[in-house]
Amino acid sequence: MQPLFIAGPCVIESAELLANVATTISDINKRLGTDIIFKASFDKANRTSIHSFRGPGLEKGLQMLADIKQQFGLKILTDIHESCQAEAVGQVVDVIQIPAFLCRQTDLLVSAAKTGCTVNIKKAQFLSGKDMVYPVEKAREAGAKDVWLTERGNMYGYNNLVVDFRNISDMLEITPRVVMDCTHSVQRPGSAQGSTGGDREFVPAMAKAAKAFGATGYFFEVHPDPEKAKSDGPNMLYLKDLGPLLRDIL
């Protein structure tokens, strides 16, 4: 199975940012023969602080993602937090993502499945890989033809995540497409005075370790200047480093 790549900014900050990242992704696709799926969120509904930047919202955000799809010809992935968002999102994107904290929400899974889009379910920080058979079952029985699972670490202590790479092997028994979220897995949740900290220097190692355990996909949040990003900056990869890392993985 060919490796799958997902990349993009954590949240939609501006049309200029989306175009900047999409240009780089398109260039990488041409150079490496990849088909990177463009990721960005229209609303970060699970931020640490109520004062955190959330994004442009559903209507404006979907229009911006549709513009990227039309201009650059990229496949699009975004996440939903409420079942009422699924129908509108499904008309624009190729992959609907279910956030880790919400992966057991039956109505959310069913509504995503009914769109006909691929459904990418992120494994919760409080579940094992084997537990993910049940969210996948919900999505498949609701009509989803293509369901992916994504590993993003487990919470074993305060303000930190640990990745048990055996989860990848366990989830490959459930679905053939298991993605390693190489950037969210190096988060330090809530450790930065009301926002999430992280250790981006470990992102390449996360990707290579996941490959050794059989991962069939890789997820990277990227930004031209992560230090100025409005969400998840400390764990995001510099956009300029994406191409060389994908070349190493390939």
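The values are calculated or read from the model by the stated rules, or taken from the named source; none is laboratory data. Owing to the predicted nature of the structure, the values given are computational and were not obtained by experimental measurement. Here Cβ is always computed from backbone atoms with ideal geometry, including for glycine, and neighbour counts include all displayed protein chains. The accessibility values were calculated without ligands, DNA or RNA, using every heavy atom of the protein model including side chains. Shrake-Rupley method; radii C 1.70, N 1.55, O 1.52, S 1.80 Å.
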Scanning the stretch 126-150 residue by residue, the ones that are in a loop (DSSP other than H, G, I, E, B) and of a type in the set (S, T, Y) total 1
Specify the residue that is farthest from G214 (Cα to Cα); the eligible residues are those in the stretch 115-167 that are charged (D, E, K, R) and in contact with a helix residue (DSSP H, G or I) (Cβ under 7 Å, 6 or more places away or on another chain).
K138
Inter-residue pairs, beta-carbon under 9 Å, first of a type in the set (G, A, S) and in the stretch 233-249, second part of a helix (DSSP H, G or I) and open to solvent by 10 Å² or more (accessible area, probe 1.4 Å), 6+ apart:
G233/R200; G233/E227; G243/T24; G243/D27; G243/R31; G243/L32
Output the number of residues of the stretch 88-123 satisfying the condition of being part of a helix (DSSP H, G or I), hydrophobic (A, V, I, L, M, F, W, C) and over 28 Å from L161 (Cα atoms).
4
Kindly check whether there is at least one residue in the stretch 224-238 that is among the hydrophobic types (A, V, I, L, M, F, W, C) and assigned to a strand (DSSP E or B).
yes
Pairs with Cβ under 8 Å, 6+ apart, first in the stretch 151-171 and part of a loop (DSSP other than H, G, I, E, B), second modelled with pLDDT under 85:
G153/Q187; N159/R188; N159/P189; N159/G190; N159/S191; N159/G197
Filter the stretch 30-58 down to residues that are open to solvent by 20 Å² or more (accessible area, probe 1.4 Å) and either without any contact (Cβ under 8 Å) to a residue 12 or more places away in the chain or of a type in the set (A, V, I, L, M, F, W, C) (or both), then give me how many there are.
7
